[in-house]
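Undergrad: I have a structure here, written as structure tokens, and I will follow up with some questions on it.
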Amino acid sequence: MAGILFIISAPSGSGKSTLVNELRSNVKDLQFSVSYTTRQPRGSEQEGLAYHFVSREQFEAMIAADDLLEYAEVFGNYYGTGRGPLKEAFAQGKDMLLDIDVQGAAQVRHKMPEAVSIFVMPPTPEILERRLRNRSRAEGKVDEEVIARRLAKAKHEIENYHSYKYVLVNDELNRAVEDLTAIVKAERYHREGRAEPGKASDGVQRVLHLAEACRQQNAAPRLQPALKAFDVPLHPAPEAAASGIS
Ligand SMILES: Nc1nc2c(ncn2[C@@H]2O[C@H](COP(=O)(O)OP(=O)(O)O)[C@@H](O)[C@H]2O)c(=O)[nH]1
Ligand SMILES: Nc1ncnc2c1ncn2[C@@H]1O[C@H](COP(=O)(O)OP(=O)(O)O)[C@@H](O)[C@H]1O
């Protein structure tokens, strides 16, 4: 059976890494792509776990050799996804998860339209700032300039939310973990033909229901307060846009 490529993006500090760690303990057989980056390791990050840490020269050599599926410059550093691990995972029929920014996600969606993309929203700018500050404090270094830069970029990233298949708000952690887990499971049920009416057990139906509520077109009731807090307009659903309804 073909592997599914999941893409997850979120403004820095939204809680994406926290959610992904929880997801990985909830679902089996989901490979995590370890990106290459030119940024310095943060806190207790180890080579090969969070990232492969490389020099700018090494990264540029990978670009020249076409070794990267996508790459982008984020906060002055390069970040990119190696082609090798993805090929390997797919050859073994495994699903893969990419944690990449909105620019990288657009490149992957263009190359692989079947990829399942998920956007994680922080509830408000104030909560995002608090999370960024708490994390910096826990890592022993609060750099106001870094925090300000990440907050400033958040709005631009959130403006891209409507390009993603699923959107969830990371307000209450357990709920967001449940939603993210449901999305991955629901996509697998669809692939395996277990989501068809009459075939889905109660448990499967519950998962499908949770995932459906996170589909971008259905998520407006939950998204609206967060979008408003970031002063980002709600994107019209495709049918409303087509008929000119606003
Ligand atoms: N395009 C792209 N973005 C990446 C990749 N790896 C990480 N990123 C993104 O780079 C941004 C900064 O990541 P990081 O320095 O770990 O900071 P954090 O998001 O605050 O944990 C985040 O938006 C990541 O999703 C990658 O391989 N490609
Ligand atoms: N739902 C949540 N409620 C409260 N704090 C959270 C929640 N999700 C994540 N956090 C905290 O917010 C900070 C940023 O989370 P992190 O996962 O590092 O973000 P990201 O990977 O998106 O940059 C961390 O200190 C984390 O413990």
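Undergrad: If the cut-off is a Cα-Cα distance under 16 Å, which lysines reach Lys94, setting aside same-chain residues fewer than 8 apart in sequence?
TA: Candidates past the 8-residue exclusion: Lys28, Lys185.
Undergrad: Right, next: Which percent of Cα pairs goes in each bin when the distances of the chain are cut into 10 angstrom slices starting at zero?
TA: 7, 29, 37, 22, 5, 0
Undergrad: In debye, nearest 20: dipole of the chain around its Cα centre with unit charges on the Cβ of K, R (+) and D, E (-)? Each step should come with its number before you reach the end.
TA: On the way: 32 positive and 34 negative charges, 78 e Å.
Computed charge dipole of the chain: roughly 380 debye.
Undergrad: Then there's this: By average Cβ neighbour count within 10 Å, what is the ranking of 132-140, 185-193 from highest down? Kindly include the intermediate steps, with their values, before the conclusion.
TA: Details: 132-140: 13.9, 185-193: 16.4.
Ranked by mean Cβ neighbours within 10 Å, highest first: 185-193, 132-140.
Undergrad: I need two numbers for segment 1-136: Rg to one decimal and Dmax as a whole number, Cα atoms only, in Å.
TA: Looking at segment 1-136, its Cα Rg and Dmax stand at 15.0, 44 Å.
Undergrad: Something else: Using +1 at the Cβ of each Lys and Arg and -1 at the Cβ of each Asp and Glu in the chain, identify which of Phe230, Met62, Ser35 lies farthest towards the dipole's positive end.
TA: Phe230
Undergrad: Show me the trypsin sites (Lys or Arg not before Pro) within segment 20-74 that DSSP assigns to loop and that have at most 13 other Cβ atoms within 10 Å of their Cβ. Present the calculation step by step, with values, prior to reporting the outcome.
TA: Details: sites: Arg24, Lys28, Arg39, Arg42, Arg56; in loops: Lys28, Arg39, Arg42.
Taking segment 20-74 and a limit of 13 other Cβ atoms within 10 Å, the loop trypsin sites (Lys or Arg not before Pro) found are Lys28, Arg42.
Undergrad: Ok, one more. Using a cut-off of 26 Å between alpha-carbon atoms, which lysines can reach Lys155, once sequence neighbours fewer than 8 places away in the same chain are excluded?
TA: Cα-Cα hits under 26 Å: Lys16, Lys111, Lys141, Lys165, Lys228.
Undergrad: Which whole-number value in Å³ per residue fits the convex hull of the alpha carbons of segment 112-191? Don't jump to the answer; show the numbers that get you there.
TA: On the way: hull volume 9.6 nm³, N = 80.
Roughly 120 Å³ of hull volume per residue.
Undergrad: Moving to a separate point now. What list of ³J(HN,Hα) values in whole Hz, one per residue of segment 168-173 in order, does the Karplus curve 6.51 cos²θ - 1.76 cosθ + 1.60 (θ = phi - 60°) give from phi, with Gly and Pro shown as x?
TA: Each residue's phi maps through the Karplus curve to give 9, 9, 8, 9, 8, 4 Hz.
Undergrad: While we're here: If each DSSP helix of 4+ residues adds -39,500 (n - 2.57) and the sum is divided by the residues in the chain, what number results at 222 nm, nearest 500 deg cm²/dmol?
TA: Working: 10 runs with 116 residues, N = 246.
After summing the helix terms and dividing by the residues of the chain, the value is -14500 deg cm²/dmol.
Undergrad: If you average the sequence gap of Cα pairs under 8 Å that are 6 or more apart and divide by the length of the chain, what percent do you get for the contact order?
TA: Details: 343 pairs, mean separation 58.6, N = 246.
Relative CO of the chain lands at 24 percent.
Undergrad: Need one number: convex hull volume per residue for segment 114-246, Cα atoms only, in Å³. Could you put the intermediate results ahead of the total?
TA: Numbers: hull volume 18.3 nm³, N = 133.
About 138 Å³ per residue, rounded to a whole number.
Since every read-out is calculated from the coordinates, none of them should be taken as a lab result. Everything numeric here is computed off the predicted structure, so don't read it as measured data. Here Cβ is always computed from backbone atoms with ideal geometry, including for glycine, and neighbour counts include all displayed protein chains.
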